[in-house]
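S.K.: Starting off with a structure, shown below.
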Amino acid sequence: MKNTLVTILILFSISGTAQQRAQPVSRLVKEILKTYRKLFEFDNTYDGLKENVGDSIDKYNSALISLISAPAFGVLKDSDYNSISKSTDIAIQFSQDKKLMVVSWRVLYNIPNQECINILWIGGKATSANAMKVDTEEEFANNVQVEKIVDFNLRGRVYYLLMGSKRIGNLDILEMISAFYITNNDKFNPASIFYDGKKYYQELGFDYILNVDIKEEPSFLIKGDELTCPTFNEYRTIVAGSKRYKIKPAGLSKQ
């Protein structure tokens, strides 16, 4: 009898675990995956010349932006976010304090000037705040795709360092870092906290030409309260040195 009871409990346990793993994907997630697949289908064949294909990319990309900006997206489960990330090239990242979520992806893969989309979620709402070096009037569209969020505490205030990259041409790579903070009413404000001894910067960047002389991928380095940025020769083909910036507020009263 005891063995039978143990067996029943084990079976119930296995059944419960299987049900958890087989939880149905929400309707919103299904719609996002479906829309992304259609977007990728057209984007994968686009060479910059076929106008009808370009129109289809715009159509499905706009639909994807709307779906990911919808209020329901902000209350999805972690399993839903993981499902989206694993099934697509959509990156979903959270700050360490969970106050900021960035959802990003790229389109126009086959042409030199890719378009990057970054949707920022703050306080349960999607915002059109400019994440990285915007050069377009399209809402949520940015030059640089956010790839990493670093929480940085200065004098009791948390700053969010957004780091990302963009392919400018076939071999030309742009790297950027931007600093922001969140106000008490959930506004996402730029912050000038990178100091080179003379001037404060809110955003820094460098670009280089990918080639055999660059052995390791150049990147920003944060150590303590210092940010190191690589510098290059005039042709941007060789790392020639570095420049250091102190990470410090430029006057909190002004922000």
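S.K.: When you scan segment 107-211 for strands (runs of 3 or more DSSP E) that lie fully inside it, which ones turn up with 1 or more residues that are more than 30 Å from residue 71 (Cα to Cα) and at pLDDT below 90?
M.R.: Details: elements: 115-122, 125-127, 145-154, 157-167, 172-182, 188-190, 203-209.
Ranges flagged: 157-167, 172-182.
S.K.: Does segment 178-190 hold any residues that are in contact with a Lys or Arg (Cβ under 9 Å, 6 or more places away or on another chain) and crowded, with 16+ Cβ neighbours inside 10 Å, and which are they?
M.R.: Within segment 178-190, the first condition is being in contact with a Lys or Arg (Cβ under 9 Å, 6 or more places away or on another chain), and the residues that meet it are 178, 181-182, 186.
Of everything in segment 178-190, those that are in contact with a Lys or Arg (Cβ under 9 Å, 6 or more places away or on another chain) and crowded, with 16+ Cβ neighbours inside 10 Å turn out to be 178, 181, 182.
S.K.: Can you name every residue in segment 61-81 that is acidic (Asp, Glu) and either crowded, with 17+ Cβ neighbours inside 10 Å or touching a Leu at 6+ places or on another chain (Cβ under 9 Å) (or both)?
M.R.: Matches in segment 61-81: 80 only.
S.K.: I've got another one for you. Restricting attention to segment 95-103, does a residue exist that is surrounded by 17 or more Cβ atoms within 10 Å (Cβ to Cβ) and not in a strand (DSSP E or B)?
M.R.: In the first step, residues of segment 95-103 are kept if they are surrounded by 17 or more Cβ atoms within 10 Å (Cβ to Cβ); the result is 95, 100-103.
Still in the list and also not in a strand (DSSP E or B): 95.
Yes, segment 95-103 has at least one match.
S.K.: Okay, next question. Given the structure, is residue 84 crowded, with 18+ Cβ neighbours inside 10 Å, outside any helix (DSSP H, G or I) and modelled with pLDDT of 95 or more?
M.R.: no
S.K.: State all residues of segment 162-172 that are surrounded by fewer than 22 Cβ atoms within 10 Å (Cβ to Cβ) and either touching a strand residue (DSSP E or B) at 6+ places or on another chain (Cβ under 8 Å) or within 15 Å of residue 227 (Cβ to Cβ) (or both); if no residue qualifies, say none.
M.R.: 163, 165, 167, 168, 171, 172
S.K.: Inspect all residues belonging to segment 155-167 and state whether any of them is in contact with a helix residue (DSSP H, G or I) (Cβ under 9 Å, 6 or more places away or on another chain) and in contact (Cβ under 8 Å) with a residue 60 or more places away in the chain.
M.R.: Yes, because at least one residue in segment 155-167 is in contact with a helix residue (DSSP H, G or I) (Cβ under 9 Å, 6 or more places away or on another chain) and in contact (Cβ under 8 Å) with a residue 60 or more places away in the chain.
S.K.: Within segment 187-224, how many residues are under 17 Å from residue 166 (Cα atoms) and of a type in the set (Gly, Ala, Ser)?
M.R.: Here the count works out to 2.
S.K.: Could you tell me which of the residues 217, 175 is in contact (Cβ under 8 Å) with a residue 24 or more places away in the chain and either open to solvent by 40 Å² or more (accessible area, probe 1.4 Å) or among the charged types (D, E, K, R) (or both)? So that I can check it myself, show each step before the final result.
M.R.: On the way: 217 fails: in contact (Cβ under 8 Å) with a residue 24 or more places away in the chain.
Result of the check over 217, 175: 175.
S.K.: Within segment 198-208, track down each residue that is free of Cβ contacts under 8 Å to residues at least 40 places away in the same chain and more than 30 Å from residue 110 (Cβ to Cβ). Show your work before the answer.
M.R.: Going residue by residue through segment 198-208, those that are free of Cβ contacts under 8 Å to residues at least 40 places away in the same chain are 198-199, 202, 206-208.
Across segment 198-208, the qualifying residues are 198, 199, 202.
S.K.: Also: With (1) of a type outside the set (Lys, Arg); (2) within 20 Å of residue 29 (Cβ to Cβ); (3) open to solvent by 30 Å² or more (accessible area, probe 1.4 Å) as the list, and residue 58 as the residue in question, which single condition is left unmet?
M.R.: (2)
S.K.: Among what's in segment 104-120 and is open to solvent by 10 Å² or more (accessible area, probe 1.4 Å) and of a type in the set (A, V, I, L, M, F, W, C), pick the residue that is nearest to the chain's Cα centre (by Cα).
M.R.: Per the stated criteria, the residue is 108.
The values are calculated or read from the model by the stated rules, or taken from the named source; none is laboratory data. Every value quoted in this text rests on a predicted model; they were computed, and no experiment measured them. Don't worry about glycine lacking a Cβ; one is built from the backbone with ideal geometry, like all the others, and counts go over all protein chains shown. Calculation scope for accessible area: heavy atoms of the full protein, side chains included, ligands and nucleic acids excluded. Shrake-Rupley method; radii C 1.70, N 1.55, O 1.52, S 1.80 Å.
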